[in-house]
Structure formats: structure tokens, C-alpha cells
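Data first, discussion second: the structure below is written as C-alpha cells.
The values are calculated or read from the model by the stated rules, or taken from the named source; none is laboratory data. Only a predicted model underlies this, so the values are computations on that prediction, with no experimental measurement involved. So basically every Cβ, Gly included, is an ideal-geometry build from the backbone, and we count neighbours across all protein chains shown.
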Amino acid sequence: MAMQDIRPINGNLQDTLVEASKAPWIEQTPLSSIKVLYTGAETGSWAVLFNWKKSYVAPPHKHLGASHTFILKGKLKVRDGVLNAGDYVYEPNGVLHGATEALEDTEYLFICNGPILFYDDEHFTSYKSWEEVEMIRRSAAAAAAKAAE
């Protein structure tokens with residue numbers, strides 16, 4: 001019996017290769033930078049490397065999709081715990097937590113399966129999804145291209 005045809009209907013499907021070693025760090029604040037690895041319009045997922053300097057604090061937020069975090073170096077204070085280099089944490093959809101603080105210069109891989117909603121005591125302050133991350137990447141690429149002219 002012949003094997004079932006398993007070719008994809010969409011012949012344009014392919015792997016996404018990012019040479020992270022060549023991707024630029026994009027400064028977001030004097031204490032935080034991001035390296036965009038992947039943005040997925042079809043799933044809403046996104047993957048980045050974050051580089052936070054000691055004392056950077058991300059505001060309280062709610063995950064509107066599950067996320068994975070792997071600490072490459074440094075220490076993060078997350079809720080009531082501390083994540084050290086080599087630690088991994090899975091946060092399910094709907095997780096709500098207070099500010100996250102870099103206790104040391106910290107670099108970590110962050111893979112998110114949906115947006116994040118930031119807030120303060122009175123209202124929502126910002127929103128980050130694959131679209132915002134892609135806009136950050138495109139803006140930095142355009143600036144780099146213009147600088148190279």
C-alpha cells in the first residue's frame with residue numbers, strides 16, 4: 001500500500017531561520033533592549049530575546065496567551081520568586097502578575113503565544129503583541145538601512 005500524501009496544501013511553507021547572532025539589539029529604554037527572533041501573523045505568537053539592565057522594571061501585566069521564559073544570564077524577580085540563569089518558567093494564558101524586576105543585568109528568551117496587556121492601578125497602559133514586536137523590528141531595520149545610505 002502506498003504511503004498517504006503528506007505534502008502541505010500550502011507549498012510556500014518553510015522554516016523561519018533567524019541568525020540571532022547577526023540580529024541587532026533594539027534599544028527600547030536606556031535599561032532595556034530587545035532582539036526580535038520571530039513574529040507569527042498566523043498564530044499570534046512571537047519570540048524575542050530581552051536584555052534588561054539591573055534595576056529595569058517591567059510594569060504589571062496580564063498574559064493573554066501562554067508564554068515560556070528561559071533565563072540565559074542574570075536574575076529576574078517575578079512575583080514572589082527569583083529566576084536565575086538556567087531557570088525556565090511556563091506561564092499559562094490568563095496569568096496576572098505585578099512588576100518584573102531585573103536584579104542583575106539579565107538576558108532571557110521569551111516565547112509568547114499571544115499578547116500581553118500592561119496596566120497600572122487605574123487603567124490599561126499598553127499592549128504588546130506580535131504586531132507591535134514586528135513594528136519594532138521593521139522600524140529598526142528601516143533606520144539601519146537609512147543610516148547605511
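In the stretch 22-36 there is at least one residue that is hydrophobic (A, V, I, L, M, F, W, C), without any contact (Cβ under 8 Å) to a residue 40 or more places away in the chain and within 29 Å of Ala141 (Cβ to Cβ). Taken over the stretch 115-138, residues that are part of a loop (DSSP other than H, G, I, E, B) and either over 13 Å from the mean Cα position of the chain (by Cα) or at pLDDT below 90 (or both) amount to 4.
The residues of the stretch 30-73 that are farther than 18 Å from Gly94 by Cβ, of a type in the set (Lys, Arg) and touching a strand residue (DSSP E or B) at 6+ places or on another chain (Cβ under 6 Å), listed by number, are Lys35, Lys54, Lys73. If only residues of the stretch 39-92 that are in contact (Cβ under 8 Å) with a residue 40 or more places away in the chain, in a strand (DSSP E or B) and among the hydroxyl-bearing types (Ser, Thr, Tyr) are counted, the one that is surrounded by the fewest Cβ atoms within 10 Å (Cβ to Cβ) is Thr69.
Within the set Val78, Val57, the sole residue that is over 24 Å from Arg138 (Cβ atoms) and at pLDDT below 95 turns out to be Val78. Screening Glu91 on (1) in contact with a His (Cβ under 6 Å, 6 or more places away or on another chain); (2) modelled with pLDDT of 95 or more shows it passes everything except condition (2). Among the numbered conditions (1) modelled with pLDDT of 90 or more; (2) under 16 Å from Lys77 (Cβ atoms), the only one that Gly98 does not meet is (1).
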